[in-house]
């Protein structure tokens, strides 16, 4: 059910991913993780549709919806930590 590559050091990630798909809660999914500039996990599996007639492919497109909010928050926190963003400053300042 799972396709792709996974560095042996990250096999627990592959197991969790596989369990999530086998649970039936997820129809299909993909995960990619870079560690120190190297792609260490690149996995996909399951199906693209609820009827499970079309397999998930490596390049299956998905909506990310509100995922960008978390990523933006991480970036903002990093900029604040580096002194490049002042949370007390008006947005119009930037």
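Nothing in this text is a laboratory measurement; each read-out follows from the coordinates by a stated rule. Quantities reported herein were computed from a predicted structural model and do not represent experimental measurements. Don't worry about glycine lacking a Cβ; one is built from the backbone with ideal geometry, like all the others, and counts go over all protein chains shown.
How much mean residue ellipticity at 222 nm does the chain get from its helices, if each DSSP H run of length 4 or more adds -39500 (n - 2.57) and you divide by all residues, to the nearest 500 deg cm²/dmol? Don't skip to the end; give the middle numbers.
Details: 2 runs with 27 residues, N = 94.
Taken over the chain, the calculation gives -9000 deg cm²/dmol.
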Separation in nanometres of the label points that stand 7 Å from Cα toward Cβ, at residue 20 and residue 8 = 2.5 nm
Span from the the stretch 16-47 Cα centroid across to the the stretch 55-74 one, whole angstrom | 13 Å
Angle in degrees between helix 11-22 and the longest Cα principal axis of the chain, rounded to the nearest 10 | 70 degrees
With labels modelled as points extended 7 Å from the Cα through the Cβ direction, what inter-label distance (nm, one decimal) is found for residue 57 paired with residue 75?
-> 2.9 nm
Tell me, what is the FRET efficiency for residue 40 and residue 90 to the nearest 0.05, using R0 = 30 angstrom and their Cβ-Cβ distance as r?
-> 0.15
Among (1) 23, 15, 11; (2) 19, 16, 11; (3) 34, 18, 11, the value of semi-axes √(5λ) of the Cα gyration tensor in Å computed for this structure carries the label (3)
